[in-house]
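One structure is given here, and the rest of the page talks about it.
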Amino acid sequence: QKEVEQNSGPLSVPEGAIASLNCTYSDRGSQSFFWYRQYSGKSPELIMFIYSNGDKEDGRFTAQLNKASQYVSLLIRDSQPSDSATYLCAVNSDRGSTLGRLYFGRGTQLTVWP
Amino acid sequence: DAGVIQSPRHEVTEMGQEVTLRCKPISGHNSLFWYRQTMMRGLELLIYFNNNVPIDDSGMPEDRFSAKMPNASFSTLKIQPSEPRDSAVYFCASSPGDRAKLFFGSGTQLSVL
């Protein structure tokens, strides 16, 4: 069973702060890692992906990957109230019968208060 | 691009009835996924297709669930007979095959009474 674990939260940060969201995964063969944002009552939306160890930055978002520790994180700088949503971590092993299959964590609920 | 289109947006039915959910993937995407989301279990993959062929249906909970993809632009998920525990949001997603980046439809909120 391939597990993807996230703290369910809620995580609450003030506007302008850095929000840090964490995710661990069980399958060492995992190759692709994704962060989805889901607003209440809406569908998940892809916001970041990372394939290699290290950091990847896109605007206010930074994804961090450490394959040795089986850990991936998402940092949101200068958090805004509009960032309030549930953030889903997803992992893909890119091999064999699981090629193309994403395993999702349960999500972390983030609230950014003004 | 219109994105992934699902219908209906909401479905309310009685236990025992047949339910059919529909999905039109993004043109050019060669993979299609059906997910179910509940508060208790989060997002669960039910089945996915690659080039219209079912690749992994291990997530389909029971024989009451079936899915088809007769062509590259249409897929259905059928539940027959439906039960109250099937109540959930059902998402369809498609992918261009690029490292499993998924694009989700708006979902179908299913309520089985």
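Contact map, region B:27-54: residues that are more than 9 Å from chain A (Cβ to nearest Cβ) paired with residues that are of a type in the set (Lys, Arg) and part of a strand (DSSP E or B), Cβ distance under 6 Å, separation 6+ or inter-chain. Pairs shown: B:Leu46/B:Arg36. Determine whether region A:46-57 contains at least one residue that is more than 18 Å from A:Ser8 (Cα to Cα), among the β-branched types (Val, Ile, Thr) and out of contact with any His (no Cβ under 7 Å at 6 or more places or on another chain). Checked region A:46-57: at least one residue is more than 18 Å from A:Ser8 (Cα to Cα), among the β-branched types (Val, Ile, Thr) and out of contact with any His (no Cβ under 7 Å at 6 or more places or on another chain). Listed here are the strands (runs of 3 or more DSSP E) enclosed by region A:6-99 that have at least 1 residues being among the charged types (D, E, K, R) and within 14 Å of chain B (Cβ to nearest Cβ): A:32-38, A:45-50, A:54-58.
One residue alone among B:Phe74, B:Phe104 is of a type outside the set (Lys, Arg) and in contact with an Asp or Glu (Cβ under 8 Å, 6 or more places away or on another chain), and that residue is B:Phe104.
Among the listed residues B:Pro61, B:Pro70, B:Pro81, identify the single one that is surrounded by fewer than 15 Cβ atoms within 10 Å (Cβ to Cβ), away from every other protein chain (no Cβ under 11 Å) and more than 18 Å from B:Met15 (Cβ to Cβ).
B:Pro70 is the lone residue from the list that is surrounded by fewer than 15 Cβ atoms within 10 Å (Cβ to Cβ), away from every other protein chain (no Cβ under 11 Å) and more than 18 Å from B:Met15 (Cβ to Cβ).
Residues of region B:90-109 that are more than 7 Å from chain A (Cβ to nearest Cβ), more than 12 Å from B:His29 (Cα to Cα) and either surrounded by fewer than 21 Cβ atoms within 10 Å (Cβ to Cβ) or modelled with pLDDT under 95 (or both): B:Gln109 alone.
When every residue of region B:39-57 is checked against the conditions, at least one turns out to be small (Gly, Ala, Ser) and buried (at least 18 other Cβ atoms within 10 Å of the Cβ).
The values are calculated or read from the model by the stated rules, or taken from the named source; none is laboratory data. Bear in mind that the values here come from a model prediction, so they are computed numbers and not experimental data. Backbone-built Cβ (ideal geometry, glycine too); neighbour counts: all protein chains shown.
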